[in-house]
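> This is the structure I want to talk about, given as structure tokens.
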Amino acid sequence: MRSRTPFAFALLAALLALVLPLAGCSLLKAEPVYATEGHLDTVKTVDGAKLDPQLSAGTLAFSLALYDRLREDAEGAFVSPASVFLALAMARNGAAGETAAQMDAMFGFTGASLDAIDGFARDLQYLIRGRTPSAFELANSLWIRDTFQDKVKKDFLDRNASYFGAAIQALDFSAPAARDTINAWVAKNTKDRIQTILDDAIDPSSVMFLVNTIYFKADWRTAFDRTETVDAAFHAKSGDVEVAMMKRIDAFGYFENADLQAVRLPYADGRTSMVVLLPKVSRESVAAALTPDLWNAVLAGVSEGNTRMVLRMPRTKYEFKAELKGPLADLGMPVAFTDSADFSGISDQGLLIGSVLHKTFLLIDEKGTEAAAATSVDIRVTSMPTEPDLKVTLDRPFVVAIVDDASGLPLFLGNIDEPQP
């Protein structure tokens, strides 16, 4: 692991989402708009240390800032910055003006061209997918309300097909089964670890969903011995709880400073590792200080040499979900969620982001790790007209007049007792 590979964090943090059976639902047939599979056609080997340094550093800073912001709202925040970035990067292809400027600033991309941003997103996908024997799978999709399909600009679709391999499909959002269809796609691409990304009915103003999924499964390079696993106390914030505590005596990459201890556990693919950070006093003492400089120092430390130790860690299964609209606005892109949003690259129709939903799943046991993430960006039309309280229905005989406005004289006047078809 290299200290200049910030997406070692994304690969670690891409352990992610939610689980519930999606049984017995009827699915809606979608109309493919592009002949894309949902991922890039080829798998290329990319050296993470050679990603664009500005965009890589900016994405690392965003990753840590997003985690820091989410932990303010929820105990046990667990996020895939890579999934969130890729879903928003698809939306960025349609952003313009202040909306695009805020998104770029939030990611640390100010001054970068759209081609450079898309190229970075493409290389990140290659970086995630190009490893064996670990299963590291990634998929993107773009779902368009069928009645809105003709209003979407070709360049926006072309970019998301070319740089993301996104499965672009038109769907009748007014049908109750539309939500089940999108959820089924997410479930399929996360091996059923995340079965619903859309929990509520589709909003009438929603015209597009941009969805990313990441799935990860890998064995440890050296497994834990199940016979060494025993029940033990875990000192949670709410009090002690009993957990299955795994144990391994081995040489590990190790880093320590005044605030924390860090241990690196490599996976069998030789390209992916888990890094655990243990605060010496409290969880907050690490989380609050987790800057890019500290993160890179930790990675450099755990990559150098091996320290023999007894490592104990709990077997765990964990799920997390969050609405990211508030956190992302706080991190620097508020205009995208308002009527002032500029997504004119998608359509000439006024559009905004209605929500950004994120779910993660994590399983750690003696054999290895399984994780999944899903992120959905809900694109909606701005200022949907609402029906006034007063309602008039001409469902009985009525009078009709055609009037000269200047004189007030009726030029035509009559009653409609029975409208003719």
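> Put a dot 7 Å past each Cα toward the Cβ at Thr227 and Asp330; how far apart are the dots in nm?
About 4.9 nm separates the two model spin labels.
> Now a separate question. Quick one: Ser83, Ser282, fewest Cβ neighbours within 10 Å first, how do they rank?
Ser282, Ser83
> Treating cross-link reach as a plain straight distance, find the lysines whose alpha-carbon is under 25 Å from the alpha-carbon of Lys317, omitting any fewer than eight places away in the same chain.
Result set, ordered by chain and number: Lys188, Lys191, Lys217, Lys237, Lys247, Lys280, Lys359, Lys367.
> Contact order normalised by length for the stretch 65-208, with contacts defined as Cα pairs under 8 Å and 6 or more residues apart; what percent is it?
19
> With a Förster radius of 22 Å, plug the Cβ-Cβ distance of Thr382 and Asp150 into 1/(1 + (r/R0)^6) and report the FRET value to the nearest 0.05.
In this case the efficiency is close to 0.75.
> Turning to a different aspect of this structure: Report the label-to-label distance for Ala251 and Lys50 in nanometres (one decimal), using points 7 Å from each Cα along the Cα→Cβ vector.
Distance between the two pseudo-spin positions: 3.0 nm.
> To make sure I understand, if each residue's beta carbon is the centre and we count other beta carbons within 10 Å, what order do Thr190, Thr307, Thr42 fall in, fewest to most?
The most exposed by this proxy come first: Thr42, Thr307, Thr190.
> Related question: I'd like the trypsin sites (Lys or Arg not before Pro) in the stretch 225-267 restricted to DSSP loop residues with at most 16 other Cβ atoms within 10 Å, sorted by number.
Passing both the DSSP loop test and the Cβ count: Lys237.
> Still on this structure: Where a Cα-Cα gap under 23 Å defines reach, which lysines qualify for Lys151, not counting those fewer than 8 residues away within the same chain?
Lys29
> Helix-only estimate, please: 222 nm mean residue ellipticity of the chain, summing -39500 (n - 2.57) across DSSP H runs of length 4 or more and dividing by its residues, to the nearest 500.
-8500 deg cm²/dmol
> Rounded to the nearest 20 debye, what is the charge dipole size of the stretch 41-154 about its Cα centre when +1 sits on each Lys and Arg Cβ and -1 on each Asp and Glu Cβ?
Computed about the Cα centre, the dipole is about 280 debye.
Bear in mind that the values in this text are calculations on the coordinates, not laboratory data. Remember, it's a predicted structure, so these values are computed and weren't measured experimentally. As a convention, Cβ positions derive from the backbone with ideal geometry for all residues, glycine included, and neighbour counts pool all protein chains shown.
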